[in-house]
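What follows draws every value from the coordinates through simple rules; no lab data is involved. No experiment lies behind these values; they were computed from the predicted model shown. When we count neighbours, we look across all protein chains shown, and the Cβ atoms used for this are built from the backbone with ideal geometry, even at glycine.
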Amino acid sequence: MATEVRIDLDRRRRTGSPEIVFGQNKTDEQIIRACERLLAVEPRVIVSRVGRERMEQLASALGDVTVEQPYPGETVILARPDAPIVRSIGHVAVITAGTSDLSAAGEAATVAFELGCRVTVVADVGIAGLHRLVQPLRDLIADDVAVIIVAAGMDGALPTVVTGLVDVPVIGLPTSVGYGVASGGNTALGTMLSSCTPGLAVVNIDNGVGAGVFAARIAHAAARHNQGSR
């Protein structure tokens, strides 16, 4: 069985987003090989589903790189010494229903940040205490947020609520958090896909990478539009 790691070094040119190393189920050798090849052309490399502790152990094999973890979860950044400062183009918000949703939300926030967005994270404002959501939403809209990612497990209802209160795109990020019939995020996913509130798009369960990339593209497009209209 072939175990070769094949890295798409041309992805940033084609799509505006670099390849992201998915660490889950990869061996240490496979992660190191993938990161080596990306670091040869990218000053900063995103590695998801690996965790900071494991990545710091592996980083010694990658030469002069630092491991950064700007947000909670299992997604980290490898940075070469010549890595530029990440620019802030467009404002992305990441809201979580519960603190337990922060791993998937942190993945989304890290990706959006690394793709050049200003990111605001608001945690633990789920529908069990909906009053907690009101002021953060007001603050985000006043601060020209371009898109909002809403991470929720259990019943997955928060994205529908948020979408009905704002005039910017909302991305539902179902998480695998929840008891029994929450079914590892399937209930949250079904709730979001069944939403009656227009303006909500939904990614797969725990797919913070997909949510972060999608949000960054929306935020960048909004920033270009705003600059062009001035």
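Results, tabulated for the structure shown:
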{"item": "Over the stretch 11-79, relative contact order from alpha-carbon pairs under 8 Å, at least 6 apart, %", "result": "30"}
{"item": "Largest-first principal axis extents of the Cα set of the stretch 91-228 (Å)", "result": "49, 28, 25"}
{"item": "Percentage relative contact order, the chain, counting C-alpha pairs under 8 Å, at least six apart", "result": "16"}
{"item": "Placed amide H near Gly178: partners under 5 Å, 5+ positions off or other chain", "result": "Met154"}
{"item": "Residue among Ala109, Ile127, Ala152 farthest towards the positive dipole end of the chain, charges placed on Cβ", "result": "Ala109"}
{"item": "Amide hydrogen neighbours beyond the local backbone of Ile89, cut-off 5 Å, H modeled", "result": "Cys117, Arg118"}
{"item": "Using θ = phi - 60° and Karplus 6.51 cos²θ - 1.76 cosθ + 1.60, couplings along the stretch 165-179 (whole Hz; Gly, Pro as x)", "result": "10, 10, 10, 10, x, 10, 10, x, 10, x, 10, 7, 7, x, 8"}
{"item": "Length-normalised contact order for the stretch 91-228 - Cα pairs under 8 Å, 6+ apart - percent", "result": "29"}
{"item": "Trypsin sites (Lys or Arg not before Pro) within the stretch 1-53: DSSP coil, no more than 13 neighbouring Cβ in 10 Å", "result": "Arg6"}
{"item": "D (Stokes-Einstein, µm²/s), Kirkwood Cα radius, the stretch 11-79, 1.567 mPa s at 4 °C", "result": "108"}
{"item": "Student exercise, the chain dipole from Lys, Arg, Asp, Glu Cβ charges, in Debye to nearest 20", "result": "600"}
{"item": "HN-Hα J in Hz across the stretch 81-93 - Karplus 6.51, -1.76, 1.60, θ = phi - 60°, x for Gly and Pro", "result": "x, 8, 5, x, 5, 5, 6, 10, 10, x, 10, 10, 10"}
{"item": "Simple Cβ-charge dipole of the stretch 11-79, Lys/Arg +1 and Asp/Glu -1, about Cα centre, in debye nearest 20", "result": "440"}
{"item": "Separation in nanometres of the label points that stand 7 Å from Cα toward Cβ, at Arg6 and Glu29", "result": "2.0"}
{"item": "Dipole of the stretch 91-228, positive end: most advanced residue of Leu140, Leu189, Gly199 [Cβ charges, Cα centre]", "result": "Gly199"}
{"item": "Whole-Hz ³J(HN,Hα) from phi, Karplus 6.51 cos²θ - 1.76 cosθ + 1.60, for the stretch 147-159, glycine and proline x", "result": "7, 10, 8, 10, 9, 8, x, 6, 7, x, 8, 4, x"}
{"item": "Packing-based order for 149-157, 66-74, 117-125, 196-204, using average beta carbon neighbours within 10 Å, highest first", "result": "149-157, 117-125, 66-74, 196-204"}
{"item": "Gyration tensor (Cα) of the chain, equivalent ellipsoid semi-axes in angstrom", "result": "30, 22, 15"}
{"item": "The stretch 3-36-the stretch 172-215 distance, computed between alpha-carbon centres (Å)", "result": "25"}
